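Student: If you scroll down you'll find the structure; I have some questions about it.
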Amino acid sequence: MTRAGLRHGAGSILLALLAACASKPPATVILLPGQDGTTGAVVVSDGESRTVLDTPYATARASGGQSIARRTASEQEVKKDFGTTLASLPPRPSKYTLYFLLGTDQFTDETQKQVRQVLVEVAERPAAEVVVIGHTDRVGTELRNDQLSLQRAQRVKTLLIPLGIPENRIVTAGRGEREPVVPTADNVDEAKNRRVEINVR
Amino acid sequence: MKRLSVTLLAFVAMLMAPVASADDIGQVKVTSGAVHIQRGAERLPALVGTRVRVSDTVVTGDDGSVGITFTDNTLLSAGPRSTLVLEQYAFNSTTHDGKFNARLDRGSLAVVSGKIAKQAPDAMVIKTPSSLLGVRGTEFLVKVEGAE
């Protein structure tokens, strides 16, 4: 900025800021109904005002300087304006829950069927990744369960590799006791919570 | 002989596969038309399987579109004439704590938010030139006007 510019002081800076704001390209946000039947929410703000979109096809347009305009979009409009974009969304991750024969690392019959399905999906999906996530019940400390859940996931990984899934396509995680299928009090021995989840994505 | 060449092809494909790195935050799953990833001074073609990192800029051409799956299961696609900067990303796969900030300078996006947004309502933010979008979940579209 020049000396002359500086002398104009705060007033001209504010004007310049407002002008910069007004020349920004407007942006439109459309909330979609979720595929699971629930609709989430997006909070839209432009620095001055904010609005919450939380119903299917609720739409907000922020244009800088003016207030945020709201309306409801039509499905046809979404198809027309976002058809190409939506067509490029990656396939949704799938989820499997594996159980083991008591006290072993042998899959149950049902789990063996699921593992075969995992292999089919790995072959079909683009750049498929397999995420193996271990879970525990609430017996023992949280820290111990974090370790145990990760060990459980790593053991499943070693079972998947010989079935033909490349090692560099498998990642492991341990969620410990944070995500029980059956919520229980602490230190309850609940077999349904001792499991491994597989996401293919 | 045929089996040998298939084995050989598989081996070559394995050698060519990008090396996994702890810096990877997602992978390209869908790509069509002209799409590239700007990483500093490097311009990388966006192919199925290309891994993206924090600070990458995803750029699509007039006929380009791209779909990326992130490590927290967020799905995101960008339509033609888009510029998307992956400003900030962190995901703890044990606690699901994390941060996901992206900036759409032009073009359009479709988003299905993942575990980061589910864990904490303020953890995922999409910026546009004229607004900030706080993501509470899960599926939404964004378009910045003026690219056509």
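Student: From the list A:Ala22, A:Ala41, pick out the single residue that is at the interface with chain B (Cβ under 10 Å from one of its Cβ atoms), modelled with pLDDT under 95 and surrounded by 12 or more Cβ atoms within 10 Å (Cβ to Cβ). Steps first, answer last, please.
Tutor: Details: A:Ala41 fails: modelled with pLDDT under 95.
Among A:Ala22, A:Ala41, only A:Ala22 is at the interface with chain B (Cβ under 10 Å from one of its Cβ atoms), modelled with pLDDT under 95 and surrounded by 12 or more Cβ atoms within 10 Å (Cβ to Cβ).
Student: How many residues are at the interface with chain B (Cβ under 9 Å from one of its Cβ atoms) and of a type outside the set (Asp, Glu) if we restrict to the range A:49-58?
Tutor: We begin by selecting, within the range A:49-58, every residue at the interface with chain B (Cβ under 9 Å from one of its Cβ atoms); these are A:50, A:52-54.
Among the residues that remain, those that are also of a type outside the set (Asp, Glu) are: A:50, A:52-53.
Within the range A:49-58, residues that are at the interface with chain B (Cβ under 9 Å from one of its Cβ atoms) and of a type outside the set (Asp, Glu) number 3.
Student: Scan the range A:169-201 for residues that are in contact with a Ser or Thr (Cβ under 9 Å, 6 or more places away or on another chain) and of a type in the set (Asp, Glu) and report the count.
Tutor: Residues meeting the conditions: 3.
Yes/no per residue for (1) modelled with pLDDT under 95; (2) small (Gly, Ala, Ser); (3) surrounded by fewer than 24 Cβ atoms within 10 Å (Cβ to Cβ); (4) part of a loop (DSSP other than H, G, I, E, B):
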residue: B:Ser55; (1), (2), (3), (4): no, yes, yes, yes
residue: B:Thr69; (1), (2), (3), (4): no, no, no, no
residue: B:Ser77; (1), (2), (3), (4): no, yes, no, no
residue: B:Arg81; (1), (2), (3), (4): no, no, yes, yes
residue: B:Val85; (1), (2), (3), (4): no, no, yes, no
residue: B:Ala90; (1), (2), (3), (4): no, yes, yes, no
residue: B:Asp105; (1), (2), (3), (4): no, no, yes, no
residue: B:Val125; (1), (2), (3), (4): no, no, yes, no
residue: B:Phe140; (1), (2), (3), (4): no, no, no, no
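Student: Can you tell me which residue among A:Asn187, A:Asn168 is modelled with pLDDT under 95 and part of a helix (DSSP H, G or I)?
Tutor: Working: A:Asn187 fails: part of a helix (DSSP H, G or I).
Matching residue, one of A:Asn187, A:Asn168: A:Asn168.
Student: For the range B:107-123, what are the residues that are buried (at least 24 other Cβ atoms within 10 Å of the Cβ) and either among the aromatic types (Phe, Trp, Tyr) or more than 22 Å from A:Lys80 (Cβ to Cβ) (or both)?
Tutor: The answer is B:Ser113, B:Gly114, B:Ile116, B:Ala117.
Student: Of all residues in the range A:121-137 being among the charged types (D, E, K, R) and at pLDDT 95 or above, which is surrounded by the most Cβ atoms within 10 Å (Cβ to Cβ)? Step through it out loud before you land on a result.
Tutor: Here is the first cut: in the range A:121-137, the residues among the charged types (D, E, K, R) are A:121, A:124-125, A:129, A:137.
With at pLDDT 95 or above added as a condition, the list becomes A:121, A:124-125, A:129.
Details: A:Glu121: 18, A:Glu124: 10, A:Arg125: 18, A:Glu129: 22.
Among residues in the range A:121-137 that are among the charged types (D, E, K, R) and at pLDDT 95 or above, the one surrounded by the most Cβ atoms within 10 Å (Cβ to Cβ) is A:Glu129.
The values are calculated or read from the model by the stated rules, or taken from the named source; none is laboratory data. These numbers were taken from a predicted model, which means no experiment stands behind them. Here the Cβ is made from the backbone with ideal geometry for all residues, glycine too, and neighbour counts use every protein chain on show.
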